[in-house]
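A short write-up of the structure that comes next.
Derivation of every value follows stated rules applied to the coordinates shown; laboratory data play no part. Remember, predicted model here, so these are calculated numbers, not experimental data. Every residue, glycine as well, gets a Cβ built from its backbone with ideal geometry; the counts of neighbours run over all protein chains shown.
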Amino acid sequence: MIIYKIMNTEDNNTFNLNIEEMTKAGLQFGHKKAKVHPKVKPYLLGVRNTIYLIDLEKTQDKFIAALKFVESLIAEQKSLLLVGTKTQFKQMVKDAALEMDMPYVNERWLGGTFTNFKIIKRRLDYFKELERKKAAGEFAREGGGDLEVGECEGDVRDVIEGFGAAAGEDCKAG
């Protein structure tokens with residue numbers, strides 16, 4: 001994993017970012033040509049086969065700044081949410097997050113996670129309450145039949161799928 005190896009250099013103030021290695025890793029390839037945000041244009045070299053090419057020299061500078069920011073967060077013992085929903089990155093994100101004990105999202109990103117955090121928080125609290133009830137066996141004791149128990153367990157599965165490991169340490173993402 002490139003980022004993890006970079007972060008674990010012997011001298012934490014030096015990031016061994018090499019443009020040749022970045023090219024070998026394919027970092028110069030962006031998304032397919034479509035409408036592009038104006039703030040991104042200075043970092044693009046052009047288009048090849050309907051795919052934007054990214055300027056790796058400018059990327060290197062911004063990547064170093066980003067790594068220094070991440071390094072400062074880790075030094076302050078703050079959390080960092082790792083997000084990677086593309087198929088080729090899902091397992092890599094999960095492994096790195098588990099190794100560093102950080103929250104992660106490697107399935108579908110829920111829209112409004114940041115902007116509607118109150119609602120998301122309420123849903124996470126509901127999830128934790130369902131997990132507590134399930135662990136205590138309260139689903140069966142509430143007088144509901146198998147259908148009601150199945151619905152509650154379905155709710156737990158839905159919340160786990162939606163929030164993944166961002167739900168907290170009680171959540172076992174699968």
Would you list the strands (runs of 3 or more DSSP E) that sit entirely within segment 11-94 and hold 1 or more residues that are of a type in the set (Gly, Ala, Ser)?
29-32, 44-48
Inside segment 101-120, can you point out the residues that are part of a helix (DSSP H, G or I) and either surrounded by 14 or more Cβ atoms within 10 Å (Cβ to Cβ) or in contact with a helix residue (DSSP H, G or I) (Cβ under 6 Å, 6 or more places away or on another chain) (or both)?
120
Consider residue 68 against the criteria (1) basic (Lys, Arg); (2) within 21 Å of residue 19 (Cα to Cα); (3) touching a strand residue (DSSP E or B) at 6+ places or on another chain (Cβ under 7 Å): it satisfies all of them except one. Which criterion is unmet?
(3)
Could you check segment 55-72 and list, in sequence order, the residues that are among the aliphatic types (A, V, I, L, M) and farther than 25 Å from residue 108 by Cβ?
56, 64, 65, 67
